[in-house]
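Before any comments, here is the structure.
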Amino acid sequence: MPASSGNGAVTRSTLRQQIADALRDEVLAGRLQPGQEFTVKEIAEQYGVSATPVREALVDLSAQGLLEADQHRGFRVHEYSLADFRGMIEARGLVTDGMFHGLAKGLPLVPEGSIEGSIGGSDGGAARTAPSGFAADSPGPRGFFVRAGDPRAAAALAGVRRRGEEARRAATAGELNILIGYDLRFWRELGALFGNPYLTDFLHRLRVQSWVCAVQHLSRIGDLRGRLWSDHTEVVDALTRRDLADAHRIVDSYDTHSLTLIEGLANLGAEKTVLTTEEDGKEDGEKEHEGNGDTAE
């Protein structure tokens, strides 16, 4: 067999990732519903590609917990329960707690009320002691930050904050699909500042899964304006001040808000399902009664 130049492998790998990204977006948007089944052939025909990259993409999504593989029936979208959602919230909270602790050690410290100045690169107040107890020159986590005051820190943090501003606008407008995109980018880029790609990937996977679980309930609300969490920039500002207590408070409030909202919608959906089932049962009983009456006559 002749040696490969590598171009085919790169093309297939890229196609595999593109298909996986497209299907993930379909699940996140709720267009692929929990429990919905499909085959490799159906997806290949939909995208006009061969079966191999599609199968690889579906296996990847199965490994990420978004799909379930059935040897005889193809694949189905994973159905998450409320218990799953609670577990995801708890897990991502533990991850962000550790991440915040590390980030606060490496972020440049500025005085209260000088958030914009810090993002622009000002070093005023660099000699202050951080509210968290870290000195301004304490070593940061491995990876991006080495010492507080690193000019790259301000530039990177500014980019994360811009994602937060876009997420806030989307949340305020009730644009769920746009919010999900910016929210995932926000947390992925913020996590990347910690310098541990394994932790960043794990947090990203948790956030994708929690959004998939939430979307099936949020899609029941016609108008989401004022219902979605939008304090992304406040998280960045708290970390810039090295105010771990405030960062934890903001995220804890976010988690409580998410749980309350999704649990409320899930319970409401369950009540409607019960009522619908009871009404259908009554209608069937009435029809059966009418049919028996007709026979007697």
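Readers should treat all values here as calculations from the given coordinates under stated rules, not as data from a laboratory. Note that the structure is a prediction, hence the values are computed from the model and not measured. Here Cβ is always computed from backbone atoms with ideal geometry, including for glycine, and neighbour counts include all displayed protein chains.
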Can you tell me how much longer the chain between GLN33 and SER50 gets when fully stretched, taken as 0.36 nm per residue apart minus their C-alpha distance, in nm with one decimal?
3.7 nm
Based on the Cβ-Cβ distance from LEU94 to ALA63, what FRET efficiency comes out when R0 is 30 Å, to the nearest 0.05?
0.85
Mean 1/r over all different Cα pairs, inverted: what Kirkwood radius does segment 27-97 give, in Å?
13.5
Low-density loop cleavage sites - GluC sites (Glu not before Pro) in segment 153-184, where at most 15 other Cβ are within 10 Å (DSSP)
none
If packing is taken as the average count of other Cβ atoms within 10 Å, what order do 60-66, 157-163 fall into, highest mean first?
157-163, 60-66
How much net charge surrounds ARG76 when only other residues with a Cβ under 9 Å from its Cβ are counted (Lys, Arg +1; Asp, Glu -1)?
-3
